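Here is the structure we will look at.
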Amino acid sequence: MPAGIRQGSVTRGLLWMLLVLILLCWLPIIGPLIAGIVGGKKAGGVSNGLLAALLPCVAAGAVTAALATLASGLPIFGAIAGLSMFLFIVGNSLVLFIGAIIGGVLATS
């Protein structure tokens with residue numbers, strides 16, 4: 001493969017990130033950091049690594065927002081609860097984002 005062409009994809013990074021995150025769920029900070037590094041490296045760059053880390057967070061947040069809105073009889077209350085859960089999920093994934101940045105930098109160097 002020529003030196004100027006990078007190999008990696010967001011889907012590959014996302015799948016590796018989820019696999020390592022599930023396997024290392026018992027390590028509170030180190031597990032998501034390692035998962036982010038592996039996923040960012042497999043994604044092939046910083047932007048692809050961040051996208052691979054962001055997609056599951058957004059999907060989980062959107063699903064919880066929709067389910068909270070549907071489960072409660074009050075749509076506004078459900079939307080507020082769901083959006084707060086979305087912010088909680090994204091906030092807890094900060095270490096995963098840092099690992100994705102480190103892995104993306106390692107993949108480009």
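The values are calculated or read from the model by the stated rules, or taken from the named source; none is laboratory data. Keep in mind the model is a prediction, meaning the values are calculated, not measured. Ideal geometry is used to build each Cβ from the backbone, glycine not excepted, and the neighbour counts take in all protein chains shown. Please note that ligands, DNA and RNA were not included when accessible areas were found on the heavy atoms of the full protein model with its side chains. Shrake-Rupley method; radii C 1.70, N 1.55, O 1.52, S 1.80 Å.
Just checking my list (1) 1.22; (2) 1.02; (3) 1.11 against Cα Rg over 2.2 N^0.38 Å computed from this structure; which label fits?
From the options (1) 1.22; (2) 1.02; (3) 1.11, the structure gives (1).
Sort 12-20, 36-44 by the packing proxy (mean of other Cβ within 10 Å over each peptide's residues), most packed first.
Listed from highest to lowest mean packing, they are 36-44, 12-20.
So what J values fall out for the stretch 49-60 if you push phi through Karplus, 6.51 cos²θ - 1.76 cosθ + 1.60 with θ = phi - 60°, rounded to Hz, Gly and Pro as x?
Taking θ as phi minus 60°, the curve returns x, 5, 5, 5, 7, 7, 4, x, 5, 5, 5, 5 Hz for the stretch 49-60.
Tabulate in residue order the Karplus-calculated ³J(HN,Hα) for the stretch 84-101, using 6.51 cos²θ - 1.76 cosθ + 1.60 with θ = phi - 60°, rounded to whole Hz; enter x for Gly and Pro.
Values, residue by residue: 5, 5, 4, 5, 5, 5, 5, x, 6, 8, 4, 5, 5, 5, 4, x, 5, 5 Hz.
Helix 30-43: angle to the longest alpha-carbon principal axis of the chain, degrees 0 to 90, nearest 10?
60
So for each of 97-105, 66-74 I average, over its residues, the number of other beta carbons within 10 Å; can you give me the resulting order with the highest mean first?
Order by mean packing, descending: 97-105, 66-74.
Considering only protein heavy atoms and a 1.4 Å probe, what is the carbon-and-sulfur percentage of the accessible area of the stretch 2-109?
Carbon-and-sulfur percentage of accessible area, whole number: 80.
Would the stretch 1-65 count as rounded, prolate or oblate if I go by the C-alpha gyration tensor, calling it rounded below 1.5 in a/c and otherwise prolate when a/b exceeds b/c, oblate otherwise?
In terms of gyration-tensor shape, oblate.
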